[in-house]
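Remarks on the structure that follows.
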Amino acid sequence: MTIDQLNAIKEETQKKSAQNWIHVGYSTCGVAAGAKEVFEALLEESKARNLTIEIKKCGCVGLCSAEPLVEVNVEGAPRVFYGKVNKDVAHKIIEEHVCQKKLVEGHIYEI
Amino acid sequence: MKRILIQDTNGDQKKALRDFSVSFTTQLRERGLSDAAQVVTVADIGVYNKGIVAKILPEGFIYVNLDAARIGEIIEKTIQKGEKVQDLLLDKKNKQMRLGLRNCGVIDPESIEEYIAVDGYQGLAKALAMGPEKVIEEMKKAGLRGRGGAGFPTWMKWNITRGIKGDLKYIICNGDEGDPGAYMDRSVLEGDPHSVIEGMMIGGLAIGATQGIFYIRAEYPLAVARIQKAIDVCYTKGLLGKNILGSSFNFDIEIRLGAGAFVCGEETALIASVEGLRGYPRPRPPFPSVKGLWGKPTVINNVETLANISYILFHGGEAFGKIGVEGSTGTKVFALTGKVRNSGLVEVPMGITLREIVFDIGGGVFENRKIKAIQTGGPSGGVIPEQFFDTPVGYESLQKLGSIMGSGGMIVLDENDCAVDISKFYLGFCVDESCGKCAPCRIGGTQMLVILKKISEGKGTEDDLKKLEQIAQAMQKASLCGLGQTAPNPVLSTLKYFMAEYRAHVIDHKCPSGKCASLVSYSINKEKCTGCGMCARVCPADAITGTRQEKYTIDAAKCISCGQCFDVCKFTAVIRQ
């Protein structure tokens, strides 16, 4: 790889970056707390509704006591972290936050 | 649309918060603003012990100590006009600063494209253009010191190895993180593996090494898998191997697993382990910088150090050097654990006070119990009692207090933690992990542990306290490696700050915090006892008997002093003496 190729990858990836996304904390702390189940629930629910949203596994943002942590950024609603997410909360995130642009009760963590 | 995030930050006004929420929603509806604002109760608003707190988005205004009477004003000013309500406003600055953890939780760690998109490998590109001398010069400007614990300036380490003639040199990443409660290296390896690889390549370039080795403990399978994946993709993309980024720089990386011995985090033991030998340390000099792996000059850098290097090269040493304080530049990641509300990783600029870390970021002690001290630096560190919490964090400032920065473990202790018990725990850890090669560590540690056990059982004497100090000093001076030299630190620092507690154990045969099981006895106050029987149900020794009418009693002969009845009793009827 040359420097030009490196810069080309950089530009291309930046251009492709999604407007609407969900990040799931997927390090040891997150996985141990149930991130796999949450990730699958989010993916399933968004597929069932035919949503165009990027759902991605990330590292740990640091607040391990609130894992599984999910960060949500969709147009029309503020970008927030949800902590102690389980399957049910994951469904709510898709239904309420992503679709209705309403924040989900009781799980927001300001980091 | 406005969002009103609300939380009861004291944790004792559940009903008041519910009323506040209902009242806010009603008033919004009455003014026809139901569709213009949403009231949401949140789990953690980032402010603590300030009553009911509301945060208004998108403005980000934080209002504290609220009651229902102020709702109308907030709606009129902030919701309708976007103005502040001055007297309720809390000016809160974000105290964290993310350099080492900059990409953790932001990018997909398994995608090299995403790392490249956030300026990944640009630091390496700059380093290749600069050449080794200038890279070291840049590191000198940055003033980065080793994040593994000892705090040796990284540029100096590199410069020494660079100056030594040799056809083959190595750079090793020390990922043998073993301090109890510390896991920042794991998080960086798992969350941003490419930043560590990039840092290692820059280091290799600076010292003239062509081979890098990751030494990671086998207990971190996910970290190992992600680093391996990152290395593999670097080879397929041509970022590792020959002529990296079109230059004449060649570099290879491989992984070695550590089998979980704490001593292998010590650099000479680590080298022995990589060579396939038993993880024994050896006397220094010669230092690994001169004679390391396979007898060749070797630099060993910690994970967090390497993650910072890619940042420094991209943003420039000067910019990094401006962060933090003189002598301790940049940021440090701490693993904040123990009796703290928000346990997890925090990254803060050097120079921040311990109080800010524990209370403003960590949210203080849970259940609002009284804080006693924090333990920093793991088994090589010490305790820092509350009166020193306003000390700014830095290598030298913590050392002056008899503790160390260490790799970044920070364990919060509350009034229920006993100083003797803490030092017994840490010393016990080091005795277990001592490799046994040198006598001061092997025998000294064991003897100190015997004395500490004696004290915690109430059989200690005042003479024992003197003996502890003597052995500790001998161990510090005569041990072969860092493990033995620093193992007595938790004992010495608790002796320094909590002598009264030690004396209570040896003179009064009492444990003031009620932790040392042999020194406490439990009984039940029949007047307070309601006969609910909770204590009898949790008692693992069946030592508690009674009925609703007759109330309950504890059979001292059967009681094992575990304290479960004390914790479970809602009526404070269980007495601990």
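The values are calculated or read from the model by the stated rules, or taken from the named source; none is laboratory data. Quick caveat, the model's predicted, so the values are computed rather than measured. Backbone-built Cβ (ideal geometry, glycine too); neighbour counts: all protein chains shown. Ligands, DNA and RNA are excluded from the accessible area calculation, which covers all protein heavy atoms including side chains. Shrake-Rupley method; radii C 1.70, N 1.55, O 1.52, S 1.80 Å.
Tell me which residues, restricted to the stretch B:199-219, are surrounded by fewer than 24 Cβ atoms within 10 Å (Cβ to Cβ) and within 14 Å of another protein chain (Cβ to nearest Cβ). If the condition is that a residue be surrounded by fewer than 24 Cβ atoms within 10 Å (Cβ to Cβ) and within 14 Å of another protein chain (Cβ to nearest Cβ), then B:Arg217, B:Ala218, B:Glu219 are the ones that fit.
Considering B:Lys437, B:Lys454, B:Lys466, B:Lys459, which residue is assigned to a loop (DSSP other than H, G, I, E, B), surrounded by fewer than 17 Cβ atoms within 10 Å (Cβ to Cβ) and out of contact with any helix residue (DSSP H, G or I) (no Cβ under 6 Å at 6 or more places or on another chain)? Within the list B:Lys437, B:Lys454, B:Lys466, B:Lys459, the selection yields B:Lys459. Checked against (1) buried (at least 23 other Cβ atoms within 10 Å of the Cβ); (2) not in a strand (DSSP E or B), B:Val333 passes all but a single condition, namely (2).
In the stretch A:21-34, the qualifying residues are those that are under 11 Å from the mean Cα position of the chain (by Cα) and more than 7 Å from chain B (Cβ to nearest Cβ), and the one that is surrounded by the fewest Cβ atoms within 10 Å (Cβ to Cβ) is A:Trp21.
Residues in the stretch B:387-399 include none that are modelled with pLDDT under 90, under 27 Å from B:Leu306 (Cβ atoms) and among the small types (Gly, Ala, Ser). Criterion applied to A:Ala41, A:Ala18, A:Ala48 was being open to solvent by 50 Å² or more (accessible area, probe 1.4 Å), more than 8 Å from chain B (Cβ to nearest Cβ), farther than 22 Å from B:Leu345 by Cα and among the small types (Gly, Ala, Ser), and the one residue passing it is A:Ala48. Scanning the stretch A:93-103 for residues that are crowded, with 20+ Cβ neighbours inside 10 Å and either within 13 Å of B:Val42 (Cβ to Cβ) or within 12 Å of chain B (Cβ to nearest Cβ) (or both) returns A:His97, A:Leu103. Just to be sure, is B:Glu83 in a loop (DSSP other than H, G, I, E, B) and open to solvent by 10 Å² or more (accessible area, probe 1.4 Å)? Answer is yes for this residue. Of all residues in the stretch A:53-93, those satisfying the criterion of being assigned to a helix (DSSP H, G or I) and farther than 27 Å from B:Glu113 by Cα are A:Ser65, A:Ala66, A:Lys87, A:Asp88, A:Val89, A:Ala90, A:His91, A:Lys92, A:Ile93. Scanning the stretch B:67-115 for residues that are at the interface with chain A (Cβ under 8 Å from one of its Cβ atoms) and without any contact (Cβ under 8 Å) to a residue 24 or more places away in the chain turns up B:Val106, B:Asp108, B:Glu113, B:Glu114. Which members of the stretch B:163-188 meet the condition of being in contact with a strand residue (DSSP E or B) (Cβ under 9 Å, 6 or more places away or on another chain) and either surrounded by fewer than 23 Cβ atoms within 10 Å (Cβ to Cβ) or assigned to a loop (DSSP other than H, G, I, E, B) (or both)? Correct list: B:Leu168, B:Lys169, B:Asp176, B:Glu177, B:Gly178, B:Asp179, B:Pro180, B:Gly181, B:Ala182, B:Tyr183. Across the stretch B:15-52, the number of residues qualifying as surrounded by fewer than 19 Cβ atoms within 10 Å (Cβ to Cβ), within 14 Å of chain A (Cβ to nearest Cβ) and assigned to a loop (DSSP other than H, G, I, E, B) comes to 5. The residue that is least open to solvent (accessible area, probe 1.4 Å), counting only those in the stretch B:228-245 that are touching a residue at least 60 places away in the same chain (Cβ under 8 Å) and more than 10 Å from every other protein chain (Cβ to nearest Cβ), is B:Ala230. Can you name the residue in the stretch B:131-153 that is open to solvent by 30 Å² or more (accessible area, probe 1.4 Å) and in a loop (DSSP other than H, G, I, E, B) and, of all such residues, is farthest from A:Ile9 (Cα to Cα)? Taking the candidates together, the pick is B:Ala150. Of the residues making up the stretch A:51-78, those that are open to solvent by 30 Å² or more (accessible area, probe 1.4 Å) and within 25 Å of B:Met184 (Cβ to Cβ) are A:Lys57, A:Ser65. Considering B:Ser195, B:Ser248, the condition of being assigned to a helix (DSSP H, G or I), more than 26 Å from B:Leu483 (Cβ to Cβ) and polar (S, T, N, Q) is satisfied by B:Ser195 alone.
When the stretch B:344-373 is filtered for residues that are assigned to a loop (DSSP other than H, G, I, E, B), surrounded by fewer than 23 Cβ atoms within 10 Å (Cβ to Cβ) and within 14 Å of another protein chain (Cβ to nearest Cβ), the ones remaining, listed by number, are B:Gly363, B:Gly364.
Conditions (1) in a strand (DSSP E or B); (2) open to solvent by 40 Å² or more (accessible area, probe 1.4 Å), marked per residue:
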site: B:Val263; (1), (2): no, no
site: B:Leu270; (1), (2): no, no
site: B:Arg278; (1), (2): no, yes
site: B:Arg282; (1), (2): no, yes
site: B:Pro285; (1), (2): no, yes
site: B:Ser289; (1), (2): no, no
site: B:Trp294; (1), (2): no, yes
site: B:Asn301; (1), (2): yes, no
site: B:Asn308; (1), (2): no, no
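Residues of the stretch B:198-234 that are among the small types (Gly, Ala, Ser), within 24 Å of B:Leu345 (Cβ to Cβ) and in a helix (DSSP H, G or I): B:Gly199, B:Gly203, B:Ala223, B:Ala225, B:Ala230. Per this entry, B:Lys55 is not counted among residues that are part of a loop (DSSP other than H, G, I, E, B) and touching a Leu at 6+ places or on another chain (Cβ under 8 Å). The set of residues from the stretch B:518-535 being over 15 Å from B:Cys562 (Cβ atoms) and open to solvent by less than 20 Å² (accessible area, probe 1.4 Å) comprises B:Cys529, B:Gly531, B:Gly533. On inspection, B:Leu128 fails the criterion of being open to solvent by less than 60 Å² (accessible area, probe 1.4 Å), in contact with a strand residue (DSSP E or B) (Cβ under 8 Å, 6 or more places away or on another chain) and aliphatic (A, V, I, L, M).
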